[in-house]
1. Excluding residues fewer than 8 places away in the same chain, name every one of the lysines whose C-alpha is closer than 22 Å to that of Lys16.
2. Kindly write out, for the range 469-482 in residue order, the coupling ³J(HN,Hα) from the Karplus curve 6.51 cos²θ - 1.76 cosθ + 1.60 (θ = phi - 60°), rounded to whole Hz, with x marking Gly and Pro.
3. Of the listed pairs Lys85/Lys184; Lys85/Lys389; Lys345/Lys507, which have alpha-carbon separations greater than 27 Å here?
4. State the percentage of accessible surface on the range 181-334 attributable to carbon and sulfur atoms; use a 1.4 Å probe and exclude ligands, DNA and RNA.
5. What is the calculated FRET efficiency for Thr255 to Val380, with r their C-beta to C-beta distance and R₀ = 41 Å, to the nearest 0.05?
6. Computed FRET efficiency, Cβ-Cβ of Gln241 and Leu298, R0 45 Å: what is it to the nearest 0.05?
7. Using the alpha-carbon centroid of each, what span in Å lies between the range 466-498 and the range 365-398?
8. Hey, can you grab everything whose amide H is under 5 Å from the amide H of Asp387? Only 5+ residues off in sequence or another chain; H modelled, so Pro and N-termini drop out.
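The values are calculated or read from the model by the stated rules, or taken from the named source; none is laboratory data. In this text the structure is predicted, and so the values were computed from the model without any measurement. Please note: Cβ atoms are built from the backbone with ideal geometry, for glycine as well, and neighbour counts cover all protein chains shown. Please note that ligands, DNA and RNA were not included when accessible areas were found on the heavy atoms of the full protein model with its side chains. Shrake-Rupley method; radii C 1.70, N 1.55, O 1.52, S 1.80 Å.
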Amino acid sequence: MSYSHKEIVEYLIELKNNNTPVTLHQFVIDKKEYIIKNTSLTDSRDIIEVWTTRFGRATKEVKVTMKQDRKKVDWSPILKGVLEKITHQAANVGDNNKTSGGDNNNDHSVLQIASQSQIPITSNAAISNPSSSQALGSSNPSSSRPSSNSNSQLSSSPSSSSSAASKTNSHLLDPPARALFLSKSLSFCSQKKWKLSSGRYVEDLVLKFGEELTHEHAAHSYIMCLDDSCWENVFSESELQEIIDEESRPLPSITKNIQDILDRFQQAADLICENNKYETDDQKLNGLMLNAMVDELLKIGLFDPRTHFEESWVISTINQLLSYYVNDSIAVMGNNFSELDLVTKFWCYFDRCFDDLRINTTRDRACMATTLRVNEERKVTGTDEIDNKKKSIRPDLLLVKDDVEYGCSEVGRSDNVIPTKKEIIETALHCPKTMKDILNRVASLVDYDEKIIQKLQFVCFHQTNRRMKLSLIDCPRGYICRVMESDEYEIPVQAKLFPAQVLPLIKLMLQAKGIVSETMQLLTRYQMSKKGEVGLRRQNQKEKKASTVVLPSSLNFTSNNLKRKRKIQD
């Protein structure tokens, strides 16, 4: 056997002779360097199954029984050591190629080492269920399950959704989750990583940053939320600006007709402000502004939704919102409302902006892209039963067309100036992961075409009380997804603030709609022009690989402290 089976046997014989309990947990600690040395790239993707099988085979040969041990096996130091070993090998190959006159402009990736060793590896990132201590990284994520010999050595976990943790808190990273994060970088091809003009790679810096953290962060899903100040300590100012500017595109413009309508309302508001700039009576100012807005609305009139849908939507939305100020409905609401009240009172009217795209703006349903991610480890392993299907969390809104999602939303009811824990978690962790799930799903539908992936953009609406901001995710280069946020606007309590807040909010919704429309068109054009060659997928994979990139999926993470409200669905 290539991994020196004899050393495990000798280790067990020594324990047996000394009457020392035999546990997998202690074996991993005692023989760390041996395990690292004898773990190949292929082994590292199924490391738990590989070594529990090897250890179990050796215990049978020596005729010793493993002690029931409640301690969780920490595989992350092993995987980190394997990653360092393979990276070192890649550097040596690069040096050899440079000496022999090879291309010295590119680093050599782990994938190249694998190909030279004739190791069958795909570029798909590893996915496993960290809470059940399964595989630490594999392109076929569930290919590694602990063998029956290891059941007593591996900790059990609740059968909750892997995405639930990111919805409720930034939980402590357990060793399997940490190891899973590290394992995803094994699939990165150096030539496709995001190299900055400084010579540093974005992926390497995100990986190093994530290693230093103790609790889950968007970085563990290889996502950079650029409004997070943490990145100022990771990148230089010029590097951050380079990341922001890479393939940067302004938000889509709105049509001239829509801009003219918004300008008319703004001009009416400016006139009220100019004529009453010394007025201090809020009630009077509110009345004057409300009258000016309603008068302008009546002057503009209705539009035929069959021919001028967006103009009709703008007018009907403004009309509906203005009606709330007539009877002070917003002030009457006070704090006595639910998230559902906010949706039915305000946000459902903004949903209708997407109707002419034939998009279903559906609320309180599971995200298909996230459900696919948390179930990727389900397969026939031959070592255990097939996992039950896991349910994923339900975003408060999904933009869906033809079973493909293009955006999402989360709604909160808090009107506190200081963000609540829920708002922070949803903005900085849960929503970025959901958006990345959606991006990865569409990436699979375009066969991971690198050029198309770099053009894809997806949206998320953060609707807290009557406030809303937009976040946008894309992947302009390499394996890192980038998230940027818009300014936040609010449906105000006082009518005098209506033009300054609601008009930009309407424009922002139309710009988000433009992003969704552009992404839909990219997918449609690809699907219509696709010229599929009939053949076996694995045989065609090599030819396509040069022009494709498979992004690491969001971290599947489940806290043992979480309790699911719903049972697992078979």
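1. Hits, sequence-local ones excluded: Lys6, Lys31, Lys32, Lys60, Lys63, Lys67, Lys71.
2. Taking θ as phi minus 60°, the curve returns 9, 10, 10, 9, 10, 8, 9, x, 6, x, 10, 9, 8, 10 Hz for the range 469-482.
3. Numbers: Lys85/Lys184 15 Å; Lys85/Lys389 36 Å; Lys345/Lys507 19 Å.
From the list (Lys85/Lys184; Lys85/Lys389; Lys345/Lys507), the Cα-Cα distance tops 27 Å for Lys85/Lys389.
4. Values: 3930 of 7960 Å².
Carbon with sulfur: 49 percent of the solvent-accessible area.
5. Values: r = 53 Å, r/R0 = 1.30.
The computed FRET efficiency comes out at 0.15.
6. Values: r = 47 Å, r/R0 = 1.05.
So the FRET efficiency works out to roughly 0.40.
7. Distance between centres, Cα-based: 29 Å.
8. Hits under the 5 Å cutoff: Lys379.
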